[in-house]
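Input: a single structure, listed below in structure tokens.
The values are calculated or read from the model by the stated rules, or taken from the named source; none is laboratory data. Given the structure is predicted, the values throughout are model-derived calculations rather than measurements. Protein only, heavy atoms only, side chains kept; ligands, DNA and RNA dropped before computing areas. Shrake-Rupley method; radii C 1.70, N 1.55, O 1.52, S 1.80 Å.
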Amino acid sequence: MRDLTLSQEYLLCAVNEKGRLPHLGVERTVCLVAAALLELQLEGCVAVDKKYVTVTGPLPEGQAHLRPLYAFVNRPKPIRKEKLLEEYTYTVTDAQRDELLESIGRSLADLGLVQPVKVGLLGKKKGYAPTPEAISGVVDMIRAELLEEGEITEDVVSLVVLMEKGNCLKPSFSAFEQKQMKQRLRALGESPTGKMVQEMVEYVENMMAIAVGLIAVYS
């Protein structure tokens, strides 16, 4: 599964059996946006700080599945994270969220890892239901690094943190396995990987805090 990107791996584990993100709660959507932004940041085409997202370069061909998000933040002035998350989590139409989900979903369908599904009352929306093999590929990769004493990479650390904050671990990992993964990450201590874990946790928690702040505005 290492030929997949962070946002592709996360989406495989975040969608339901119909290939959609759940409407109740915003955690999985926020983590999808966080995964996509981190992926763009690591490619050097956006910069992300605690308040703003700024485009810093052209979209690489390998991140074409993130074009909808890149196009949304590609504007003359940096966009505030509140504005970004508002458009992706608290709109009536879910247009921005659906466009991003469908773009990533199509990229996975091209690889044969998901099946397109018509969803919604009139079947006008699309879901992308992952194949069991696709989910197993991601899960086995995580197990190999965090449960079998393998080398821990930045991508897997990021993916596990996103899955934990998005409440995606439970369907694929037992309570014992989840506890083991958390203990393994904590045990890294002051190592470079340990610092990377802390930075990733802070990154996602900042996104979550902004989303929670928006709840008060829309409730």
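In the chain, the DSSP-assigned H stretches of four residues or longer account for a calculated mean residue ellipticity at 222 nm of -18000 deg cm²/dmol, using -39500 (n - 2.57) per stretch and the full residue count as denominator. When the solvent-accessible area of the chain is split by element, carbon and sulfur atoms take up 53 percent of it, the probe being 1.4 Å. The residues of the chain expose, per residue, 50 Å² of accessible area to a 1.4 Å probe.
Counting heavy atoms of the protein chains alone, Lys126 has an accessible area of about 100 Å² for a 1.4 Å probe.
Roughly how large, in nm² to one decimal, is the mean projection of the convex hull of the alpha-carbon atoms in the chain?
Values: hull surface 49.0 nm².
Here the figure is 12.3 nm², rounded to one decimal.
Counting only protein heavy atoms and using a 1.4 Å probe, the accessible area of Cys13 comes to about 10 Å². Across region 64-138, the volume of the C-alpha convex hull divided among the residues equals 116 Å³ per residue. Only protein heavy atoms count here; under a 1.4 Å probe, Glu148 has an accessible surface of about 120 Å². For region 115-181, the C-alpha radius of gyration divided by 2.2 N^0.38 Å, with N the number of residues, is 1.36. Considered as an equivalent ellipsoid built on the Cα gyration tensor, region 1-123 has semi-axes of 23, 18, 12 Å, the largest given first. Relative to one another, the C-alpha centroids of region 1-56 and region 155-219 are positioned 13 Å apart.
Dividing the Cα radius of gyration by the Kirkwood radius, what Rg/Rh value follows for region 157-219?
On the way: Rg = 13.7 Å, Rh = 12.9 Å.
Here the Rg-to-Rh quotient is 1.06.
At 0.36 nm per residue, and after removing the present C-alpha to C-alpha distance, how many nm does the segment from Gln198 to Tyr52 gain when stretched out fully? Kindly include the intermediate steps, with their values, before the conclusion.
Values: separation 146, 0.36 × 146 = 52.56 nm, distance 2.03 nm.
That pair, Gln198 and Tyr52, stretches by 50.5 nm at full extension.
The alpha-carbon of Lys195 sits under 17 angstrom from the alpha-carbons of these lysines, leaving out residues fewer than 8 places away in its chain: Lys182. For region 1-70, the spread of Cα positions along the three principal axes, ordered from largest to smallest, is 36, 30, 18 Å.
Under 19 Å of direct C-alpha separation, and excluding same-chain neighbours fewer than eight residues apart, Lys83 reaches these aspartates and glutamates: Glu27, Asp49, Asp94, Asp98, Glu99, Glu205.
Taking each residue as 0.36 nm, the span from Thr131 to Asn167 lengthens on full extension beyond its C-alpha to C-alpha distance by 11.0 nm.
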